[in-house]
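Taking it in order: structure first as structure tokens, then the write-up.
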Amino acid sequence: ARAPAGAAAGSDANNGPCPTTRHDAPPVIFSDLNATSALPTVVASAGVGDAVKAALAEGHQALVNFIGGASPTYAFVLEPGGDDAAYASMEASFETMMGSASLGSDTFRQARGQAQGAEGGAFYMGRGGEACACKQKKITAAGLYYVLDPPEFDPNGVGVGERAVHELGHAVQAMKGDYPPFWLMEGGAVHLECLLNEKLSWGSNSYSDMFLYSGGRGGVVPNFLKFYASQYGREHGLGKSGENTCIGNLCGSADSVAVITAGADAENAQYMWYDVGAVAIAWAIEKSGKTSAQFWQAKGSDGFWNAITPWDGYDYVKHLPKDCPEDAGWKGAFLNFTGTYTTMAEFYAAFDAWAVTATQADVLAILESDADIRAMTATAFDASQSVDGAAHDPCAGYSGAATKGSAWLGAALVAATVAMA
């Protein structure tokens, strides 16, 4: 999962004025992250054992071998319920990530407080380094947060190792830039979970098994079917609220979680973003005649993530993912990948028409075969072929003069947590 950060306006003395942004979950459109074959920098509290660290590294490695990594990325691993001394050595790394002693210490204290009050696991991409460039925001360092379950629930760390695939996937997504919607971000990370489980030494679930039993919120296909069996799913599908989630009173076309879950499972909105999102990706891949490897690795119209060129026209106060033009940013890259649809409305209409009557067998029929997935994940991806933030200059075409002031690197962490499935 991803935890949105708050916002502020100001200026970066090196790069120019910051945009005016909303306080709650503003977009970060550009990236200073670099493609890499290196693993994230792991920063662990005193009580985190070697088995957990090894499992985390294995999950990160599986992801890097498939789509490459993003640098700098920090993976903070925090034991639950420790005393202050257990976390003290971590503070300097928070300061380095944030590029500021005060912001780093503030971020550290918030993460420590969450871990000390935790009763169960919480895993998310949260607050990282940010800066301004020519009235745009860019991420300068990614922060992954792993607040562990009590040891008796995951003594060998295999659960956190599986989450490592998902969370590092978010860092790579952020490196690509723009403002993709929740269903592509979370559904994409679930898709990676399903693709790569067999690459883990303890992983025994094939691609199709992950869709059936373990991926997403505890089984992608069952949760997809639950969503479309609900009144909201039948009436509105993915199209109405999939692109956005309400941010305070800013909802765009989206309905609130209360509306999405009314008369349905309390997780109905999560099913939409995570599980329906993963099925929608698999459906788009099948309809395009392309592969999952192309979706994640290829450039140009053969791929999606490596084909994104961030749109520089977002209003940081008012805009949501839906406000991207159809021929730009994430929308343009996705529609080009499908090779069929010219608007996202057309895609949603076609997908929802299929999904509302789909059965388990129908979902399995659109998936690539387990044998094909094993073949496409057998060889490590060349990370130098991954498109990173250096490919997209937020100052291209910008003519505003830089203003003096202190660098702005982000504001309050909003802790969005996901229980380990």
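The values are calculated or read from the model by the stated rules, or taken from the named source; none is laboratory data. Predicted model, so just to flag it, every value in this text is computed and none were measured. A quick note on method: Cβ atoms are made from the backbone with ideal geometry, for glycine too, and the neighbour counts reach across all protein chains shown. Surface accessibility is based on the protein's heavy atoms, side chains included, excluding ligands, DNA and RNA. Shrake-Rupley method; radii C 1.70, N 1.55, O 1.52, S 1.80 Å.
A few notes on this one:
- Of the solvent-accessible surface of the stretch 189-238, computed with a 1.4 Å probe over protein heavy atoms with every protein chain present, carbon and sulfur atoms account for 43 percent.
- Once C-alpha pairs closer than 8 Å and six or more residues apart are averaged by separation and normalised to the residue number of the stretch 116-235, the relative contact order reads 16 percent.
- Counting only DSSP beta bridges with both residues in the stretch 1-154, the antiparallel share comes to about 55 percent.
- Using a probe of 1.4 Å on the protein chains alone, the accessible area found for residue 190 is around 0 Å².
- Within a Gaussian network of the chain (alpha carbon springs, distance under 10 Å), most fluctuating of 396, 111, 131: 396
- Nitroxide proxy distance, nm - points 7 Å out along Cα→Cβ at residue 328 and residue 361: 4.7
- The slack in the chain from residue 396 to residue 92, taken as 0.36 nm per residue of separation less the alpha-carbon distance, amounts to 106.0 nm.
- Measuring from each cysteine beta-carbon in the chain, the ones with no other cysteine beta-carbon under 4.7 angstrom are 194, 324.
- Taking only protein heavy atoms and a 1.4 Å probe, the accessible area of the stretch 303-372 is 51% carbon and sulfur.
- Residue 24 contributes about 70 Å² of solvent-accessible surface, heavy atoms of the protein only, 1.4 Å probe.
- Å² per residue, accessible surface of the stretch 28-74 at 1.4 Å: 33
- Coil-residue trypsin sites (Lys or Arg not before Pro) of the stretch 288-376, DSSP, other Cβ within 10 Å capped at 16: 299, 318
- If R0 is 30 Å, the Cβ-Cβ spacing of residue 369 and residue 38 corresponds to a FRET efficiency of close to 0.40.
- Label corresponding to Rg and Dmax of the Cα atoms in Å when calculated from the structure given, among [x] 23.4, 89; [y] 20.2, 60; [z] 23.3, 81: [y]
- Relative contact order %, the stretch 157-306, counting alpha carbon pairs below 8 Å whose residues are six or more apart: 24
- Accessible area of residue 23 (1.4 Å probe, protein heavy atoms only, ligands and nucleic acids ignored): about 110 Å².
- Normalised contact order of the chain, rounded percent, pairs of Cα under 8 Å and 6 or more residues apart: 27
- Beta bridges assigned by DSSP with both partners in the chain are antiparallel in approximately 55 percent of cases.
- Dipole magnitude of the chain, debye to nearest 20 (Cβ charges: Lys/Arg +1, Asp/Glu -1, about Cα centre): 780
- Among 249, 197, 306, residue whose mean-square fluctuation peaks in a GNM of the chain (springs only between Cα atoms under 10 Å): 249
- Helix-only CD estimate at 222 nm, as mean residue ellipticity for the chain, using -39500 (n - 2.57) per DSSP H run (n ≥ 4): -11000 deg cm²/dmol
- Computed with a 1.4 Å probe over protein heavy atoms only, the accessible surface of the stretch 125-244 comes to 26 Å² per residue.
- Residues 241, 201, sorted by accessible area with the largest first, give 201, 241 [1.4 Å probe; ligands and nucleic acids excluded].
- Placing a pseudo-label 7 Å from each Cα along the Cα-to-Cβ vector at residue 317 and residue 251 gives an inter-label distance of 2.2 nm.
- Extension gain from residue 258 to residue 102, taking 0.36 nm per residue of separation minus the Cα-Cα distance: 52.4 nm
- Each label was represented as a point 7 Å from its Cα along the Cα-to-Cβ direction; for residue 265 and residue 309 these points are 4.1 nm apart.
- Sequence-distant residues sharing a close amide H with residue 44 (under 5 Å, placed H): 77
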